[in-house]
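In what follows, a single structure is set out as structure tokens and then discussed.
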Ligand code: GLN
């Protein structure tokens, strides 16, 4: 395709409708028609990135290969499209303003008043076009965070309005709204959708396609009514009703020809076939699996479904490939003690100890690991989870009483997990961890090597603390092996206890690297071990 096409996805009525999933699903369909697609998210908050946000505020923080702390929707984009994202795929209002203010200080606008329109909107437009200008993509899908009508999303909507004029047919707007079912009246209501489209129109945008989120399928009548009231073609009113898995959404949209509608509206001839073979076989596996595998996820944000999003999805993908159903149990680490660990963990086929920060719930993680180690349960520690495996081993196998991480206890006599050298003098919290993809060399005789089938791997990091190499010999001579090492820095990235069935921790985050068509080798290996429980 000669010209890059831009698709914008906005949301109305309420938040949490799944704009990210709709954007990712549409991207998947265009990709399955042979186009080169990427998806980017523009978030209207002032933080420079979500790295400093608590999971209670914003769910999981995703990390791109180039070390950007990003919105969790980028995880969906990667899982659906199976291509990596970068810092350019996620922009916040904070970054837009920072760029403009930096230029103002440099004197780029000398003599001029710097204003939201045109300076902020120009900067938003420039950022929207960055990936398109690389020539690497046929379609750039841009998800605008927040809900239409919010004060903070106004500059984004205004930028999209301007771009529609500039790009003409190469620009298309998809608006996602909600059609609630009022139980008392036994009726679905389209009024919120009408109001939301009206708001968008007041801001100068007439959406080309409407996606209606609903609990159940809508009648033709309802779609006809929405088309009529909202100035949208009837065939461009698409419904996205609740389905058991987010991975079914592309199929739901394809059944209504959304990919073809998009192509026709953008003047692209519809040719070729939609190739969703691998995707569909994944879904078939998911639906036909009978036996379950029960995994206990030990963490402190268990009441938040989005806090461990990428881990949940990686477990689901691996379980599906093993033709099992995932029975995922969230176990609150604050509730766990050495005394009650059996009660919570006995019935699990495998235990995953989650990443995290800070002291809260940490002792419960040690109890979970102690139980899992002593009962030879497949155990997977991710980042902080790996550090906890090391601390528990130090305390209970090496006999190093009160061993700890310097993050949790600066007075510990045995700092088996220590602050990385380059972290010691940092004063800025934002974007200053060890972030992004680093190489790791694997020991040939290890679970990790057998899983990856490769000696040199690259995985994404997000941490400040590390395994303290002063204790490496003590650990290795007592049975915990360091099987993955960063070849440049010598940092320990993987630990394992080979005498146990599957007991492995990674300092990196493998969960950021697992997609529907390419589940992560370590998750596959962990689930395989768990299926043998
Ligand atoms: N808090 C730990 C560190 O900073 C682990 C971080 C994580 O689990 N992502 O090293």
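Any read-out appearing in this document is the output of simple, stated calculations on the displayed coordinates, not a laboratory observation. Being a predicted model, the structure only gives us computed values, none of them experimental. Glycine also receives a Cβ, built like all others from the backbone with ideal geometry; neighbour counts cover every protein chain displayed.
A crude spin-label estimate for the pair residue 402 and residue 439, with each label 7 Å from Cα along the Cβ direction, gives 4.2 nm. Calculate log10 I(q)/I(0) of the stretch 177-219 for q = 0.24, 0.30, 0.33, 0.35 Å⁻¹, where I(q) comes from the Debye formula with a single equal point scatterer on each Cα and nothing for solvent. Results for the stretch 177-219 at q = 0.24, 0.30, 0.33, 0.35 Å⁻¹ read -0.83, -1.08, -1.19, -1.26. Return the FRET efficiency for the residue pair residue 423, residue 117: r is the Cβ-Cβ distance, R0 is 30 Å, and the value is rounded to the nearest 0.05. So the FRET efficiency works out to roughly 0.15. A simple spin-label model places pseudo-atoms 7 Å from Cα toward Cβ; at residue 202 and residue 432 they are separated by 4.4 nm. Debye sum, Cα scatterers, the stretch 31-186, no solvent: what log₁₀ I/I(0) at q = 0.16 1/Å? So the normalised log intensities work out to -1.00. Computed from the C-beta positions of residue 518 and residue 374, the FRET efficiency with R₀ = 35 Å rounds to 0.50. A simple spin-label model places the labels of residue 474 and residue 194 7.3 nm from each other, with each point 7 Å out along Cα-to-Cβ.
Shape call for the stretch 257-308 from the C-alpha gyration tensor, a ≥ b ≥ c root eigenvalues: rounded (a/c under 1.5), prolate (a/b greater than b/c) or oblate?
oblate
Can you give the translational diffusion coefficient of the stretch 374-533 in µm²/s, computed by Stokes-Einstein from the Kirkwood radius over Cα pairs at 4 °C and 1.567 mPa s?
Working: Rh = 16.1 Å.
Estimated diffusion coefficient is 80 µm²/s.
Note: relative contact order over the stretch 9-155, using C-alpha pairs below 8 Å and six or more positions apart, is 37 percent.
Normalised by the residues of the chain, what does the relative contact order come to in percent, with Cα pairs under 8 Å and at least six apart? Each step should come with its number before you reach the end.
Numbers: 1087 pairs, mean separation 78.2, N = 533.
In percent, rounded to a whole number, it is 15.
Please report Rg over Rh for the stretch 1-94, where both radii come from the alpha carbon positions and Rh follows the Kirkwood definition.
Working: Rg = 13.5 Å, Rh = 14.0 Å.
That ratio equals 0.96.
Its alpha carbons considered, the stretch 278-436 gives a radius of gyration followed by a Dmax of 17.5, 54 Å.
Using a cutoff of 8 angstrom between alpha carbon atoms and counting only pairs six or more residues apart, the relative contact order for the stretch 176-250 works out to 30 percent.
Diffusion coefficient of the stretch 46-120 by Stokes-Einstein, Kirkwood radius over Cα pairs, 20 °C, 1.002 mPa s: 153 µm²/s.
Stretch residue 183-residue 289 to full length: gain in nm at 0.36 nm per residue minus the Cα-Cα span? Full-extension gain reported as 34.8 nm.
Based on the alpha-carbon set only, what is the convex hull volume of the stretch 100-232 divided per residue, in Å³?
On the way: hull volume 19.3 nm³, N = 133.
It comes to 145 Å³ per residue, whole-number rounded.
Once the convex hull of all Cα atoms in the stretch 380-452 is built, its volume per residue stands at 130 Å³.
Is the shape of the stretch 230-353 best called rounded, prolate or oblate, per the rule: a/c under 1.5 gives rounded, else a/b larger than b/c gives prolate, else oblate, with a ≥ b ≥ c the square roots of the Cα gyration tensor eigenvalues? Numbers along the way, then the final one.
On the way: a/c = 3.82, a/b = 2.33, b/c = 1.64.
Here the stretch 230-353 falls in the prolate category.
Taking 20 Å as the cut-off, the amide N atoms of the stretch 284-302 that come nearer than this to a point 7 Å along the Cα-to-beta-carbon line of residue 533 belong to 289-302. When shorter helices are ignored and each DSSP H run of at least 4 residues is given -39500 (n - 2.57), the per-residue value for the chain at 222 nm works out to -10500 deg cm²/dmol. Using only the alpha-carbon atoms of the chain as identical scatterers, what base-10 log of I(q)/I(0) does the Debye formula give at q = 0.06, 0.08, 0.09, 0.11 Å⁻¹? Computed log10 I(q)/I(0) values: -0.32, -0.56, -0.70, -1.00.
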